[in-house]
Amino acid sequence: MTTIQRVKDDSLQQALDYVNTVFKTVEERNPGEVEFHQATKHIFTALVPVFAKHPKYMKNGILERISEPERLLTFRVPWLDDSGNVQVNRGFRVQFNSSIGPYKGGTRFHPTVNASIIKFLGFEQIFKNALTGQPIGGGKGGADFNPKGKSNNEIMRFCQSYMTELSNYIGPNVDIPAGDIGVGAREIGYMFGQYKRMRGSYEPGVLTGKDVRFGGSLVRPEATGYGLIYFVDDMMQDHGLSFNNSKVIVSGAGNVAIYAMEKAMELGAKVVACSDSTGYIHDEKGVNLETIKRLKLEEDGVISAYLAEHPHASFHENGDDIWTIPCDIALPCATQNEIDADIARVLIKNGVKVVAEGSNMPSNQEAIDLFNESHILFGPAKAANAGGVAVSALEMAQNSMKLSWSFEKVDAKLHEIMLNIYRNSISAAEEYGYPGNLDVGANIAGFLKVGDAMIREGVV
Ligand code: NDP
């Protein structure tokens, strides 16, 4: 627990004891859930100075309550494949915290999905959603379903079966799922269709990330990637840096990665590498985004196919090695635990100036500590990738008003929200004794809003 060693007094010791006690309970109560432990430990650590300054959170048992989901649903998702065989997957939805609004968070379809992954994502989402300034609580869902290699009809049948059960537990004022890894506009469309059929009423506010023809918001597809770049740009401007003429590496080639690359390029950056789950491509001339978009968004292809049109580029199977390419700005945008201490050391040695997280929890604690010690500008996921859920909240607002805002209007709101997240994180870090530490600042700023709401709402 690195934050503790910096100051020693009684109130800090009490806060540290409190955090350690609650964390021990979390470990015992959720055995083997390593990702969930990792996320809770990280956030608990950042909150020690808050508990030292304001014992009311300890008295009200906020940490004990906030780390236990209000509800965790697991359910069977049976479906028929194209050969008529019965397949069974496990569906999840964690409704983690509803103190500032209905549960809100994405849906991940990936074979690695389990309770630990869904709970770490849902726990992070509580604080991220609070940071956006929008009235949304924390939730997350998904299934251990692998969409790779499935036909369109199989995807549709799976989504319908998943929603048939989930529809019992969600609603525009209850819980509003969205997309995440393996879930894009197509899957949201199938789930929305099934929800509508089950309910017999048109409630567009039940899901976000919808197609614009039935209640989706402009900018939602771009929002996480664009928001990440707006956040990084604001952070860099504060330090006299800019994207212009910078060299950027982005991991992933999905929704977040693609729109992060697009906006970074628009601001004058050269993106020299990106990846998918099969490996990475390195194109020193600058990645051709049109090719990547076609391959990954339209053709469901593998990234090595890039070489057919750009033979001067190279393909490498070991995705971790993407971080050995020297760059100014590193943007992990694929999945959790992409960057450990060894990778962080390589990035630092090669002169990286900025690391900002598009994916959720891509850097482990040791890597984050190394970035902070080396004075690398570090944008934590909770703040830097909050643009997606922020625009989801704007989609909900448009749905409830039966309005559609222009691209420019939503984009301007997104930019304003990202700037506010940056400023609020900076000032919380300053106030609690960690100037410039956006990671600690974002956790504290998100927590204060939720913690105060929980106290006012009583022990529920
Ligand atoms: P997508 O499914 O659109 O893209 C994920 C990308 O990462 C793909 O290129 C995929 O490769 C690659 N990938 C996935 N798992 C692995 C792995 N284990 N190893 C290497 N590469 C991998 O997902 P998103 O872009 O939506 O999400 C990416 C990250 O951003 C996730 O952490 C998600 O939680 C986070 N996020 C997403 C938001 C959103 O609005 N979509 C909002 C906030 C955070 P392949 O194509 O081969 O599968």
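The values are calculated or read from the model by the stated rules, or taken from the named source; none is laboratory data. Just so you know, these numbers come straight off a predicted model, no measurement behind them. Backbone-built Cβ (ideal geometry, glycine too); neighbour counts: all protein chains shown. Only protein heavy atoms, including side chains, enter the accessible area calculation; ligands, DNA and RNA are left aside. Shrake-Rupley method; radii C 1.70, N 1.55, O 1.52, S 1.80 Å.
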**OP:** Could you name every one of the helices (runs of 4 or more DSSP H) located completely within segment 108-226 that has at least 1 residues being in contact with a strand residue (DSSP E or B) (Cβ under 7 Å, 6 or more places away or on another chain), polar (S, T, N, Q) and within 13 Å of the ligand (Cβ to nearest atom)?
**Re:** 115-131
Subject >> All positions within segment 265-303 that are open to solvent by less than 70 Å² (accessible area, probe 1.4 Å) and either assigned to a helix (DSSP H, G or I) or of a type in the set (D, E, K, R) (or both) >> reply: 265, 276, 283, 289, 291, 292, 293, 295, 296, 303
**OP:** Scan segment 325-350 and report the pairs whose first residue is of a type in the set (D, E, K, R) and whose second residue is open to solvent by 30 Å² or more (accessible area, probe 1.4 Å) and not in a loop (DSSP other than H, G, I, E, B), with Cβ atoms within less than 6 Å and a gap of 6+ or a chain change.
**Re:** 328/247
Original post:
Scanning for something of a type in the set (Asp, Glu) and open to solvent by 30 Å² or more (accessible area, probe 1.4 Å), does segment 116-138 turn up at least one residue?
Top reply: no
Original post:
Which condition does residue 93 not pass, out of (1) over 14 Å from residue 450 (Cβ atoms); (2) open to solvent by 20 Å² or more (accessible area, probe 1.4 Å); (3) outside any helix (DSSP H, G or I), if it passes all the others?
Top reply: (2)
Original post:
Taking the condition away from the ligand (no atom under 12 Å from the Cβ), free of Cβ contacts under 8 Å to residues at least 24 places away in the same chain and more than 22 Å from the chain's Cα centre (by Cα), does residue 244 pass?
Top reply: no
